[in-house]
Amino acid sequence: MADAAPAMPRRGLLIILSSPSGAGKSTLARRLMDWDPSLQFSVSATTRAPRPGEIDGEHYHFLTESAFKQMVADGAMLEHAHVFGHFYGSPLAPVAKAIDAGLDVLFDIDWQGAQQIRNSAMGRNTLSIFLLPPSIPELKRRLISRGQDDPGVIAQRMHKSWDEISHWDGYDYVLVNDDLDTTFGRLTTIVTAERLRREQQPGLAAHVRGLHSEFQEEQG
């Protein structure tokens with residue numbers, strides 16, 4: 001369970017999890033949400049068709065290509081990318097609302113989206129974490145065992161995996177996900193520490209000024 005929220009107000013973090021398909025980012029994202037229910041998950045928009053069991057607005061915002069492109073043109077997407085023949089993106093409005101309220105927003109996105117967010121006006125509040133698989137054969141085994149894709153799509157994902165991995169050095173933290181529980185423990189440690197960075201606590205300056213006034217009163 002997450003620690004109780006600090007009494008002092010803080011800025012929200014944009015927490016980015018990226019990895020090649022099958023390296024565990026979706027599983028770890030779900031566990032992170034269970035660890036701290038105050039986390040807001042950024043529900044991506046996409047132009048692909050829903051998979052069985054997927055609910056519009058919960059798993060994705062399913063949009064037509066024209067509607068998606070209009071949001072991009074209007075500046076209403078924080079980031080967007082074209083992946084496997086479809087567009088994906090993060091609507092800006094709910095993210096900005098959460099950050100302004102001091103809440104963290106979790107993103108399950110690829111390196112292209114991560115780079116766009118880092119280069120945006122919200123970049124200074126971004127925490128980016130990349131997950132590496134322990135090996136390529138293990139990555140393929142995980143893709144096959146989850147049973148979501150046909151062999152052709154799995155081959156596409158494997159082909160794209162090295163392109164994803166090659167951007168590992170553009171992230172704040174990199175974790176090798178060889179054991180889920182160990183990786184999750186490291187992930188929560190990172191998030192806890194980053195929440196305490198001086199830059200994320202805008203109330204510190206006022207608190208120090210208060211301490212200074214109290215010090216002067218004590219000194220007479």
For Arg51 and Val153, calculate 0.36 nm times their separation in residues minus their Cα-Cα distance, and state this gained length in nm to one decimal.
-> 35.3 nm
Modelled label-to-label distance, Arg124 and Ser38, 7 Å Cα→beta-carbon offset: nm?
-> 2.2
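Run through the range 107-185 and list the trypsin sites (Lys or Arg not before Pro) located in a DSSP loop whose Cβ has at most 14 other Cβ atoms within 10 Å.
Taking the range 107-185 and a limit of 14 other Cβ atoms within 10 Å, the loop trypsin sites (Lys or Arg not before Pro) found are Arg146.
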Pairwise label distance in nanometres, Gln216 with Asp100, each label 7 Å out on the Cα-Cβ vector = 3.5
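So in the chain, what percent of DSSP beta bridges are antiparallel if you round to the nearest 5?
30
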How far is helix 151-165 tilted, in degrees, relative to the longest principal axis of the Cα atoms in the chain, given as a value from 0 to 90 rounded to the nearest 10?
-> 40
Given the Cα-Cα distance of Arg30 and Asp163 and 0.36 nm per residue of separation, how much length would full extension add, in nm?
-> 45.4 nm
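For the chain, what is the calculated [θ] at 222 nm in deg cm²/dmol (nearest 500), taking -39500 (n - 2.57) for each run of four or more DSSP H residues and dividing by its residue count?
Per the formula, -13000 deg cm²/dmol.
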Principal-axis tilt of helix 204-219 within the chain, Cα atoms, nearest 10 degrees = 20
Per 5 Å bin, what is the whole-percent P(r) computed from every C-alpha pair distance within the range 1-107?
-> 2, 11, 18, 22, 21, 13, 7, 3, 1, 0
Could you work out, for the chain, what percent of all Cα-Cα pairs fall into each 5 Å distance bin, beginning at 0 Å and stopping at the bin that holds the largest distance?
-> 1, 6, 13, 17, 18, 16, 11, 7, 4, 2, 2, 1, 1, 1, 0, 0
By average C-beta atoms within 10 angstrom, highest first, the peptides 33-41, 127-135 | 127-135, 33-41
Phi-based couplings in Hz for the range 58-66 (Karplus 6.51, -1.76, 1.60; Gly and Pro marked x) | 10, 8, 8, 8, 8, 10, 6, 4, 5
Please list, or write none, the aspartates and glutamates whose alpha carbon is within less than 19 Å of the alpha carbon of Lys160, excluding same-chain residues fewer than 8 places away.
-> Asp108, Asp110, Glu138, Asp149, Asp150, Asp169
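Readers should treat all values here as calculations from the given coordinates under stated rules, not as data from a laboratory. Not measured: the values here are computed from a predicted model. No Cβ is skipped: glycine too gets one built from the backbone with ideal geometry, and neighbour counts run over all protein chains shown.
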